[in-house]
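Step one of this worksheet: look at the structure below.
The values are calculated or read from the model by the stated rules, or taken from the named source; none is laboratory data. Predicted model, so just to flag it, every value in this text is computed and none were measured. Backbone-built Cβ (ideal geometry, glycine too); neighbour counts: all protein chains shown.
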Ligand code: AMP
Ligand code: ZN
């Protein structure tokens, strides 16, 4: 695929260190509150990227951290620890807060059909790894101790602003508005690797270290966790665009100084979800969650659909009207899919032709809106319904919109529902007609004993009576067509 790389500011063919295999890292959430739908925009787009790479045939190892320590209110190592802030707000321990919001995050991911990464690791689980990295950075002269803390010395690098489309002065840590300068720092871009002298006496989590009892800086966790689970050569690093500086800049500084070679050549940044008043953020207090969307009657899948309609490198403005439109378009799409028949054989040549086009279009810098357009093209294609269903299902491996499953549910809702838990949880849904139910059950039993000829015979007999059967996860739905 062709992917825009924030490091080179160019779109280029995606490559990997080991052919056919992708080592992928994603900056995970800071679990002091619910994720807002802006955070989840980033995770949705990263999920589609992972699914696309797998669809292309790569084997992917995706690693994600959970920030449960060290992320201060300002990315510039100042302000209160976000976890402590959450614990105080809810009068709970930091560990309880971390557990609760980690679970809540993965619940939201499930609702949005975001796959859980292969490895998920809490920042607090890798303290010995960070200590080892910090020790080596000190040994190699890339770090110094001052005022009890250990700092990375940014002046030791040939190039610090690796994502160099930033205006240095605007982004320099310590000179941003409202950020007090840390007088221990030798250079304005130095950052904390290990804290021992915290302003917060009540810092909840602390560990022994060669530099005294303390806790890790925020950036070191991603380097430590990635090197542990992705190895020394990372192929693809992802995060929201606000992570590029200083977080990713600092991750690169410390990882490459520690290992002595280039670490990750490809960086994928998702631009922000904004409201009419600017970036959606937790610090502003009010933010939208998946649960809130559900309470208002939206399907989380409609939010995923909304995100996929736009390119990940463009800021996306959230309004209720936009979400209404997405929900409407998603419902209409499902209706069209639900109306497709199920009989006939898949035309492999047509499916292959469509797949080729989809790979090309979505593979052009993860063009998800073209991916959605492709769904409508399939619906209009000159081929039978079974082929259309098969192609839609195939594309959905990447888009993750649960198309066939949701369309089946829609059919289920629209039929006069009579459910018979016929056997072993096999549920038959249709009009109240025991004779037809009996035939559908007979077909199921024939399939169970692999008597497919008999199963097909029954289906044909039903078809002759104008009845169509749709197989679902838990049974079958029949309807008159
Ligand atoms: P956090 O939980 O604050 O560490 O953020 C989790 C992820 O969400 C990071 O990758 C951020 O860059 C990303 N993020 C934060 N705010 C937004 C936003 N408004 N839109 C999209 N992504 C965001
Ligand atoms: Zn990170």
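So which of 238, 222 ends up being assigned to a helix (DSSP H, G or I) and within 15 Å of ligand 1 (Cβ to nearest atom)?
Result: 222 is the single residue among 238, 222 that is assigned to a helix (DSSP H, G or I) and within 15 Å of ligand 1 (Cβ to nearest atom).
If I filter the stretch 110-136 down to residues being assigned to a helix (DSSP H, G or I) and touching a helix residue (DSSP H, G or I) at 6+ places or on another chain (Cβ under 6 Å), which single residue comes out as surrounded by the fewest Cβ atoms within 10 Å (Cβ to Cβ)?
The qualifying residue surrounded by the fewest Cβ atoms within 10 Å (Cβ to Cβ) is 136.
I need a count of the residues in the stretch 251-300 that are at negative phi, within 15 Å of ligand 1 (Cβ to nearest atom), without any contact (Cβ under 8 Å) to a residue 60 or more places away in the chain and out of contact with any strand residue (DSSP E or B) (no Cβ under 8 Å at 6 or more places or on another chain).
So the answer is 3.
Would the stretch 248-267 turn up any residue that is surrounded by 21 or more Cβ atoms within 10 Å (Cβ to Cβ), within 16 Å of ligand 2 (Cβ to nearest atom), closer than 30 Å to residue 133 by Cα and at pLDDT below 95?
No, the stretch 248-267 contains no residue that is surrounded by 21 or more Cβ atoms within 10 Å (Cβ to Cβ), within 16 Å of ligand 2 (Cβ to nearest atom), closer than 30 Å to residue 133 by Cα and at pLDDT below 95.
Which of the following residues is over 30 Å from residue 388 (Cα atoms), part of a helix (DSSP H, G or I) and under 21 Å from the mean Cα position of the chain (by Cα): 323, 293, 288, 359?
293
Only residues that are in contact with a helix residue (DSSP H, G or I) (Cβ under 7 Å, 6 or more places away or on another chain), closer than 13 Å to residue 30 by Cβ and surrounded by 21 or more Cβ atoms within 10 Å (Cβ to Cβ): list them for the stretch 74-109, please.
83, 84, 86, 94, 97, 98
Could you tell me how many of the residues in the stretch 178-209 are within 23 Å of residue 154 (Cα to Cα), assigned to a loop (DSSP other than H, G, I, E, B), in contact with a strand residue (DSSP E or B) (Cβ under 8 Å, 6 or more places away or on another chain) and at pLDDT 85 or above?
6
I'd like to check which strands (runs of 3 or more DSSP E) are fully inside the stretch 7-71 and have at least 2 residues that are buried (at least 22 other Cβ atoms within 10 Å of the Cβ) and within 16 Å of ligand 1 (Cβ to nearest atom).
Filter on the stretch 7-71 gives 21-26, 59-66.
Residue 103 - would you say it is free of Cβ contacts under 8 Å to residues at least 12 places away in the same chain and either out of contact with any strand residue (DSSP E or B) (no Cβ under 6 Å at 6 or more places or on another chain) or under 28 Å from residue 313 (Cβ atoms) (or both)?
Considered against the rule, which asks whether it is free of Cβ contacts under 8 Å to residues at least 12 places away in the same chain and either out of contact with any strand residue (DSSP E or B) (no Cβ under 6 Å at 6 or more places or on another chain) or under 28 Å from residue 313 (Cβ atoms) (or both), residue 103 comes out as yes.
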